[in-house]
Amino acid sequence: MTTTKNNYLFGLIAFVVMIVVNFALWRLFFAPSKGVFKLFTPMYGLSLAAVYFYSVMLVADVFGWKNETGNVAKGIAPLISSVVIFYVVYYVFFWNILGNFGITYFSPQALIATGGTGLEIWNARENSSLAILFVMTALIWVTMIWNTGFGNSPWDGLQKRVIGFSKFSATAFISTIFYAIFFHPNITALFQPKQIFAGVLPWWDGIAMTASSFYHLGWMFAGLFILMFLNDCMDGFPFNLFRSEEKSGSWIGAVVALVIAVVGGYIFMYIAEAIMSYYWYEPFTGGNYTDDPRFRHVHTAEIAAFFMLALMVVKVFFNNVVEFANKWLTAVIRLVVVSGAGMLLYFFYYSETLGPVYVDRVPGTGNIDATSLCWTIMSMALILVYDKFFNAFPIRK
Amino acid sequence: MKRRNFLKAMGATAAGVGAAATIGAPSKALAAKKADIGECKSLKITVLSETSWFDNDQFKKDIVDNGGASTNQYDIPWDPKNAGGYATLLEIEQLDGTVNKLLLDTGWSNEWMDYVFDRHGIDKMIASKEIDTMVISHWHLDHYWGIESTLKHNDKIKIYGPETMFPEDETLLYGGKNEAKGMVINKNDVPFKGELIKTNPKEFYQLYPGVAIKEFDVPILLRVRGENIIYVNVKDKGIVTVTGCCHPGLLTLYSTARRQIKGGDKIYGCYGGLHISLFENWDPKMDDIIKGAKAFNPQKMGCNHCTGWVWAENAAKAGLPIVKGTDTYKTYPRTSAVAKDTNVFLTNGDTVVF
C-alpha cells in the first residue's frame, strides 16, 4: 500500500461513512426488534452473514478477483458476483439441493417434512442455520490457512480461474473433513432421537464441558485472528520465509500456518477463558449465561471477532497506524493498537447504553441468543467488500 | 529469523503450551460473603396455572411472524384466544408452625386467571390479605400481564419485581393499556397503589425465615431483562428454588446458592419452569443440563411450563428425580396441547411438598 498525506483524513471520512452504511444495513436486515427484516434470530442471521463473508472471500481471495485500481466501477461486478454466490450457496445449494437430496438438516423445509420432535419452522430454520454456520466456519478457517501457507501454490503462474477452481476444490474437500470431525457430531446430538447412525456423539464433551461445537468455534476464530494479524500487521511473517519469487507458498508454510492457527488459537482461548473465569467464576456443565461453557467458548470467538474487526478497521482505514524501522517494535505497537481497538468495540457492544441502542439488543452479557458474531461478521464482510472490491477508495492512491 | 530457527521455536512453543495446559484453571473469582436466609420447616407448592398458552404452535407463530425471539413482546399482536398464564401459590410452614402464603406471578389472560384464582380461592386470600405479597418473577407477558386479576382484589398488595422494568410494564401496572399494530394486547383498569420493591442482583430480599428473593440480571427473549428467583431453605433438607421461567438456568441458581447462601451447598430440589426446551426442541445443551444437574444431586425436581416435556422425559429416563404430576389438569376447562400421559410435569392443580 502506498501512503499519501491525505490517507488518514480520507480514512477517517471513509470510516464514518462505513459506520453509517453498517448501521443502515444492520437495521434493514438484522436488528431483532426495530429492524425491517429481523433476520437475527440469531442463527439464521448469523449463518447468512457467515455465508456472505465466505462469498466475498471466495471471489477475492480464492478466485483472485480484486479491484486494485482507483476505478470504483470495477468493483461492481465482483460485488454482484459475491451476492449471487451467497444467494445460490445459501438458498439453492443448501436449502434446495443438499437439504432435499442429501443431508436433511441443511434444509428447514426438509427437516419440517420429517415431522420430528420440535421440528417446525422456527427450530428447523435455526438448526439448519447452525449447520450452515459450522460449514462456513470450516471453509473460512481452511481457506485462510491455505491462503496463508500455500498462497497459490502449487498452481503459481496458471490462469486465475484455474487457480481459483483448484484452490476452491482443495479447500472445500479439506473443510468437509474438518466439518465432519469438529461440527457434525454436534448436529448428531441436535435431534431426538440422536442420529447416532449418521454420526458419532460429540467426542470433545469431556474436555469442553459441553457437547456443543461452539468449543471449536472458539479456538478456530481465535486462530483466524492470529493468522490475520501475522498476515496484515507483520507482512506475513513467518509465512514469508517459506515463499519465493516463483512460489507463493509451500507445504512447510501450510503446516506452519496450520500449527500456528491451532496452537495460537488454543493459547488465545486459554487466556480469554482464564480471564472470564476470574470475573465470572469457573463455568460448569449445564450452567447458563456466563456460567455456561458453551458461552465461554463462543465468547472467545466473539472476542476474537472483535479483534479481527478492529484489525480490519486499523488496517484498511488507518493504514496500520505505525511503521517503524524495527519490525518487531512495529508489530508490538500494532498489536497494542489492534487489541485496544478490539476491546473498545467489545465494551461498546456490551455497554449498557450505546451498544444496545446501536445494535438493537437488550443489555447484558452471556445470552447466546444475542451473540455479537452476526454483527462483527457482517461488519467484516462490509469492510472486505470495500477493501477488495473497491480498493478502499479514496484512501489508496 | 532463519527458517530452521523458526521451526525450532515452534516446537518449543508447542511444548510450552502442553506444559501450561497441565497447570489447570487460573485463579477463581473471589467468593461473595454468604447470606443467612434462615430456615423453614416445609414448603408446599400449588400449581395454580402453568399453562401460559395452550397452543405452542400458535405462540411460536406469533413470535416468528413478528420478527423472532428478540423482538419486543409489546410489538406483537398476540392471539388473545391462546393466552393462559403462569401463577403459583407457595405455603411456607415456619419452624413454629405458622404458615405464610406467597403468590408467585399473576398470569396473562385476565379471564383465565380470574377462573384460576376463583378455583383455588386465591381471590379471597388476596382480598383478606392472607396473601399480602406477590413476587413477579419477570416481566414476560405470561407472568405479568394478568396483573388486573390480582389488583382487583387488593390494589395495595406488596409486589417484588425486577428493577429492569420497561416503560410499557409501568404503564400496565399503574392502570393503562398497551397496543401492538392497532390491537389492545393488555390492559389494567385497577391502578396499583401499593409498594413496589424493585429488586437488584446485589442483595437477597428476605421475605420470611428461610425464604428470600434473588434477582438475576440476565437478558431474556422478547426484550425482557432480569428474573427474580425464590430461594427456600428447608430445615434438614436443603435449598429449593422456586422459579417462574428460570431463565438464569437451574444450575446457575444452585451454584449461586452454594456460593452465596449459608447452608446453600446442600441442594434439595426445585419447582417451576426451567426454561430448557421451551418449544419442545433438542440441543446438546440439554444433555449438558441433565449431566450437570446430576452433579448437584437434587432430591426432588418439580418442573413444568417452559421446561419442555421432551427434556423432563429425558431427565427422568436419565435418573433425575422428576416429580410426576396427576391428571387434575384435565379438570380445568382448557389444557395444553403438549401435555402427555407421561405426566413428567406438575400440571395445573397439582401440589408438591418439599
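Coordinate-derived values only; no laboratory data. Keep in mind that what you see is a predicted model, and the values were worked out from it rather than measured. Cβ atoms come from the backbone with ideal geometry, glycine included; neighbour counts cover every protein chain shown.
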Query raised in the report: Shielding of A:288-298 by partners, i.e. mean partner chain Cβ atoms within 10 Å per residue?
Result: 5
Query raised in the report: Among the lysines, which fall within straight-line cross-link reach of B:Lys60, defined as a Cα-Cα distance under 16 Å, with same-chain neighbours fewer than 8 residues apart omitted?
Result: A:Lys38, B:Lys81
Query - Spatial separation of Cα centroids for the stretch B:118-168 and the stretch A:144-167, in angstrom - result: 67 Å
Query - Exposure proxy order (Cβ contacts within 10 Å, fewest to most) of A:Met380, A:Met269 - result: A:Met380, A:Met269
Query raised in the report: How much length, in nm to one decimal, is gained on full extension between B:Lys294 and B:Glu313, taken as 0.36 nm per residue of separation minus their Cα-Cα distance?
Result: 5.3 nm
Report summary line: Where a ≥ b ≥ c are root eigenvalues of the Cα gyration tensor, a/c under 1.5 meaning rounded, otherwise prolate if a/b exceeds b/c and oblate otherwise, chain A counts as rounded
Report summary line: The alpha-carbon center of the stretch B:288-354 and that of the stretch A:239-258 are separated, in whole Å, by 59 Å
Requested in this report: Any chance you could check the Cα centroid distance between the stretch A:335-351 and the stretch A:15-38 for me, in angstrom?
Outcome: 20 Å
Query raised in the report: Given +1 on the Cβ of Lys and Arg, -1 on the Cβ of Asp and Glu, and no further charges, what dipole in debye does chain A carry about its Cα centre, rounded to the nearest 20?
Result: 940 debye
**Report entry** Karplus-derived 3J(HN,Hα), 6.51/-1.76/1.60, for each residue of the stretch A:291-307, Hz, glycine and proline x
**Finding:** 7, 7, x, 4, 5, 4, 5, 6, 5, 4, 4, 5, 5, 4, 5, 4, 5
Report task. Taking every pair of Cα atoms in the protein assembly as shown, average 1/r, invert it to obtain the Kirkwood radius, and report Rg/Rh to two decimals. Result -> 1.00
Query raised in the report: Helix B:110-120 sits at what angle to the longest principal axis of chain B, using alpha carbons and giving 0 to 90 degrees rounded to 10?
Result: 80 degrees
Query raised in the report: Separation between the B:Glu163 and A:Glu68 pseudo-spin-labels, each 7 Å from Cα along Cα→Cβ, expressed in nm?
Result: 5.8 nm
Report summary line: Any residue on another chain or 5+ positions along whose placed amide H is under 5 Å from the amide H of B:Ile267 is listed here as B:Ile239
Report summary line: Whole-Hz Karplus couplings 3J(HN,Hα) for the stretch A:310-317, θ = phi - 60° and coefficients 6.51, -1.76, 1.60, Gly and Pro as x, run 4, 4, 5, 5, 4, 6, 6, 8
Report task. State the dimensionless ratio Rg/Rh of chain B (Rg: radius of gyration of Cα atoms; Rh: Kirkwood radius). Result -> 1.05
Report task. Once you have the Cα-Cα distance between B:Lys193 and B:Asp155, take 0.36 nm times their residue separation minus that, and quote the gain in nm to one decimal. Result -> 13.1 nm
Query raised in the report: Among B:Phe59, B:Asn297, B:Phe216, which residue has its Cα positioned farthest towards the positive end of the charge dipole of chain B, with +1 placed on the Cβ of Lys and Arg, -1 on the Cβ of Asp and Glu, and the dipole taken about the Cα centre?
Result: B:Asn297
Report task. Kindly list the residues of the stretch A:84-112 that lie in the label zone of A:Ala198, defined by a backbone N under 20 Å from the point 7 Å along the Cα-to-C-beta vector. Result -> A:90-112
Report summary line: Using the Kirkwood radius over Cα pairs of the stretch B:71-162, the Stokes-Einstein translational diffusion coefficient at 37 °C and 0.692 mPa s, in µm²/s and rounded to a whole number, is 241 µm²/s
Query raised in the report: Along the Cα-to-Cβ line of B:Thr351, 7 Å from the Cα, sits a label point; which residues in the stretch B:65-102 have backbone N less than 12 Å from it?
Result: B:89-92
Query raised in the report: Put a dot 7 Å past each Cα toward the Cβ at A:Tyr279 and B:Thr326; how far apart are the dots in nm?
Result: 5.0 nm
Report summary line: Any residue on another chain or 5+ positions along whose placed amide H is under 5 Å from the amide H of B:Gly273 is listed here as B:Thr243, B:Asn304, B:Cys306
Query - Amide H within-cut-off set for B:Ser42, under 5 Å, with H built and near neighbours excluded - result: B:Glu93
Query raised in the report: Karplus couplings for the stretch B:330-339 from phi (6.51 cos²θ - 1.76 cosθ + 1.60, θ = phi - 60°), rounded to Hz, Gly and Pro as x?
Result: 6, 8, 6, x, 9, 10, 6, 5, 9, 4
Query raised in the report: Put +1 on the Cβ of every Lys and Arg and -1 on every Asp and Glu Cβ in the protein assembly as shown; which of A:Ile163, A:Met269, A:Ser372 then has its Cα farthest towards the positive end of the dipole?
Result: A:Ile163
**Report entry** Residue-count net charge about A:Ala304 - beta-carbon cut-off 15 Å; Lys, Arg +1, Asp, Glu -1
**Finding:** -2
Query raised in the report: Rounded if a/c is under 1.5, else prolate if a/b beats b/c, else oblate: with a ≥ b ≥ c from the C-alpha gyration tensor eigenvalues square-rooted, which is the stretch B:278-323?
Result: oblate
Report summary line: The simple spin-label model distance between B:Thr335 and B:Gln58, using points 7 Å out along Cα→Cβ, in nm, is 1.7 nm
